[in-house]
Amino acid sequence: MKYISLDFDGLSKTVAELIGGICVPVDTKGFANDLVTFRNRDDVLTLLIHLGYLGYDEESKTVRIPNEEIRKEFAGTIREVKRDETILRIRVSDQLIYDTVHQNADAVAAQIEKIHAEETAIGKPELRFASFGYRKAQPTGFTFLYNDEQALRSVLKLAYFSYKDHYLKFEELPAGDGYADIVYLPKKNSMLPALVIEMKWNKSAEGAIAQIKDKRYPDAVKGLGCDILLVGLNYDKDAPAGNRKHTCVIEKLDRT
């Protein structure tokens, strides 16, 4: 719902009309079909159609707010003021969840890689202290410690920070023959799959998937009746310089 706060010409007026019960015209052609790329207010409205927040009339090419509950959400959202940086972060995190759910493992790995690079840059000691810990290397600054699975876990949590819209998060969840690193359980009435995530350091994403299966981590969520995705992530710190990358494998659990 935060998308209605984006700064596009005509969007604020359109949202006000929708809240007032007016059906407004929309051009759905050219929509990029993702949660990041927006060119104008029509792209935002088209996304809200796909997400189920707006009803669409094919004959009249118009949209409307379908019920009172969503109208109240719209009204509450436009009263909030969000900075552009916050909006962008929400969109990127939402896109990461979207890519995970649609098993786009390369896109997930690339986004984790990007966040790692951005958030471990020199000049952000306060973030590194809050998320990972630091040591003072020189009087002029700090050296980031990205050298274990806990650091990878912190980057992962930062990347998926908008999960509350869709999921409940559990860390070190007792499951099968051990503890699953991170499990995202879909909220009630959600159609999204559960995510069982295992992280590895200097091993392989495939090995992370194998551990999920061998230790039967999905057993903890099988009774929910939802689909289950297994997500393996690895950071190869000991690879040659230039090849130290995050990798990801995503598999849908066969429940037969």
Can you confirm whether Ala208 is out of contact with any helix residue (DSSP H, G or I) (no Cβ under 8 Å at 6 or more places or on another chain), of a type outside the set (Asp, Glu) and surrounded by 14 or more Cβ atoms within 10 Å (Cβ to Cβ)?
yes
For segment 213-229, pairs from a residue that is assigned by TED's automatic domain parsing to the domain that holds Lys187 and part of a helix (DSSP H, G or I) to a residue that is surrounded by 14 or more Cβ atoms within 10 Å (Cβ to Cβ) and of a type in the set (S, T, N, Q), with Cβ under 9 Å and 6 or more apart or across chains, are Tyr217/Gln211
Just one of Gly52, Gly76, Gly30 is assigned to a helix (DSSP H, G or I), without any contact (Cβ under 8 Å) to a residue 24 or more places away in the chain and not assigned by TED's automatic domain parsing to the domain that holds Asn234; which is it?
Gly76
Quick check on segment 145-154. Is at least one of its residues crowded, with 21+ Cβ neighbours inside 10 Å and either assigned to a loop (DSSP other than H, G, I, E, B) or in contact with an Asp or Glu (Cβ under 9 Å, 6 or more places away or on another chain) (or both)?
no
Within segment 211-232, take every residue that is surrounded by 23 or more Cβ atoms within 10 Å (Cβ to Cβ) and not aliphatic (A, V, I, L, M) and give me the one that is modelled with the lowest pLDDT.
Tyr217
Residue hits (segment 187-198; in contact with a helix residue (DSSP H, G or I) (Cβ under 8 Å, 6 or more places away or on another chain) and either in a strand (DSSP E or B) or without any contact (Cβ under 8 Å) to a residue 24 or more places away in the chain (or both)) are Ala194, Leu195, Val196, Ile197, Glu198
Just to check your reading of the model, which residue among Asp27, Asp57, Asp94 is under 19 Å from Ser190 (Cβ atoms), among the acidic types (Asp, Glu) and modelled with pLDDT of 85 or more?
Asp94
Can you tell me which condition Leu35 does not meet? The list is (1) touching a Phe, Trp or Tyr at 6+ places or on another chain (Cβ under 7 Å); (2) more than 20 Å from Ile90 (Cα to Cα), and all the others hold.
(2)
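The values are calculated or read from the model by the stated rules, or taken from the named source; none is laboratory data. What you see is a predicted model, and the numbers here were worked out from it, not measured in a lab. In this analysis, Cβ positions are derived from the backbone assuming ideal geometry, glycine residues included, and neighbour counts consider all displayed protein chains.
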